[in-house]
Amino acid sequence: YDLLVPTRPVMDQAPVVIAIDDASLNELGRWPWPRSRHAIMVDLLNEAGVAAIGMAVLFGEPDLADPAGDAALAEAIARAGRVVLPVAPALLANGRMDPGLLLPAWATKAGLFPPTLGHVDVEMDLDGQVRRTYLMAGHGRADLPALALAVGQRIKTNAVSHPLPGVRAGLISSPGQSLWVRDHEVLLPRMRPLPMLSFARVLREPGQLAVVRGRAVFVGVTASGLGGELVMPLAGHQSMVSAVEFHAQGYAALMQQATLVRAPFYVSVLIALVLLSGLAWWPRTDGRQVLWASSLLGVPVLASALALHFGGWWLPPALATLVLGVGLIVWLAARFQVAGRKLMQSRQ
């Protein structure tokens, strides 16, 4: 997939990332910052005319040392009216997901009700790398949109198709279950760099926000060592990206309808059976038929590339290649057995 996946086209109104980077920490002090500082940024973005703001910073608990900061941020979010707050499943000490969410309860107490929410749950593949996202998730029932999807819905653009794309979970869900479930799985294309502004520099020079008018903005941590990095083979020249960049890239892919869908398992099985039947009908005349038959091993990869680029479907070629390889070995063994009998007849 990493080799065959297409590159997402350039987006005219690409989302902008307001990065809480190392330079911002050096200038404004250690993390976490008081929420009144985030309130100032929300007001600046609102005055700059952004289309929507996705906060990729979890504010899961009230700041008991600075309740005025909570109130200031809640009031700034209410004034902007286009802010999406993140939520995530709470992880218990035994590794299980808690039935509750890291909800911004402080926002409700401060008068911001109901806040617009988007989950920031990220699924990793078996090799520890991120290639996919789930547009919907939740406890017992997948009723929370992903942060990228929630920002797109906040803009109320027609680019977010209905029904939602992606592979359905196929599980019977119930709100009473304490299980974190995911739905609408989509694969991400290869990514291009997004425009990025430093948080501290924006506070010093608000004129830089002229580029964000009419665009979606994602605010999050990009500083090293704060645990927000994700390993992504689709990130171009860099192998690790911050979580806020991942959500911004997911938003860009959704807006361009460039997300990819994993094909059902039976499609790979069907392709394997078709190739295997083609091998059974392969000509049995003498010559270089073995070399031509072995070339069929490249057909699943070719089919995967064509399906990715022209249909937006990912057909994993491993199963078809494995079945075809085993069939080719059996076919070769039968050919050698026939050749052995002919040689024995010639000797006789």
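The values are calculated or read from the model by the stated rules, or taken from the named source; none is laboratory data. Since this is a predicted model, take the numbers as computed values, not measurements. Note that we place each Cβ from the backbone using ideal geometry, even for glycine, and neighbour counts take in every protein chain shown. SASA here: full protein model, heavy atoms, side chains in, ligands and nucleic acids out. Shrake-Rupley method; radii C 1.70, N 1.55, O 1.52, S 1.80 Å.
In the set A39, A76, A51, which member is closer than 21 Å to I155 by Cα and in contact with a Gly (Cβ under 7 Å, 6 or more places away or on another chain)?
Every option except A51 fails the conditions.
Within segment 273-286, is even one residue on the phi < 0 side of the Ramachandran plot, open to solvent by less than 30 Å² (accessible area, probe 1.4 Å) and at pLDDT 80 or above?
no
Quick check on my filter: what residues within segment 218-241 are more than 22 Å from L25 (Cα to Cα) and buried (at least 17 other Cβ atoms within 10 Å of the Cβ)?
M232, L234, A235, listed by residue number.
Can you name the residue in segment 121-140 that is of a type in the set (A, V, I, L, M), in contact with a Phe, Trp or Tyr (Cβ under 9 Å, 6 or more places away or on another chain) and assigned to a loop (DSSP other than H, G, I, E, B) and is also least open to solvent (accessible area, probe 1.4 Å) among such residues?
Top of the filtered list is V130.
Can you tell which of V50, V42, V83, V10 is within 28 Å of S239 (Cα to Cα), of a type in the set (V, I, T) and touching a residue at least 40 places away in the same chain (Cβ under 8 Å)?
Within the list V50, V42, V83, V10, the selection yields V10.
Would you check which residues across segment 242-272 are assigned to a loop (DSSP other than H, G, I, E, B) and open to solvent by less than 10 Å² (accessible area, probe 1.4 Å) and list them?
If the condition is that a residue be assigned to a loop (DSSP other than H, G, I, E, B) and open to solvent by less than 10 Å² (accessible area, probe 1.4 Å), then A263 is the only one that fits.
Being touching a Gly at 6+ places or on another chain (Cβ under 9 Å) and either hydroxyl-bearing (S, T, Y) or over 28 Å from G128 (Cβ atoms) (or both): is that true of G214 here?
Yes; evaluated as a whole, the condition is true for this residue.
Given R192, R201, R215, which one is open to solvent by 60 Å² or more (accessible area, probe 1.4 Å), modelled with pLDDT of 85 or more and within 19 Å of P15 (Cα to Cα)?
Answer to the check: R201.
Is it the case that some residue within segment 107-114 is loosely packed, with under 15 Cβ neighbours inside 10 Å, at pLDDT 85 or above and assigned to a loop (DSSP other than H, G, I, E, B)?
So far as segment 107-114 goes, no, none of its residues is loosely packed, with under 15 Cβ neighbours inside 10 Å, at pLDDT 85 or above and assigned to a loop (DSSP other than H, G, I, E, B).
Filter segment 213-230 down to the residues that are of a type outside the set (A, V, I, L, M), assigned to a strand (DSSP E or B) and touching a strand residue (DSSP E or B) at 6+ places or on another chain (Cβ under 6 Å) and list them by number.
Correct list: F218, E229.
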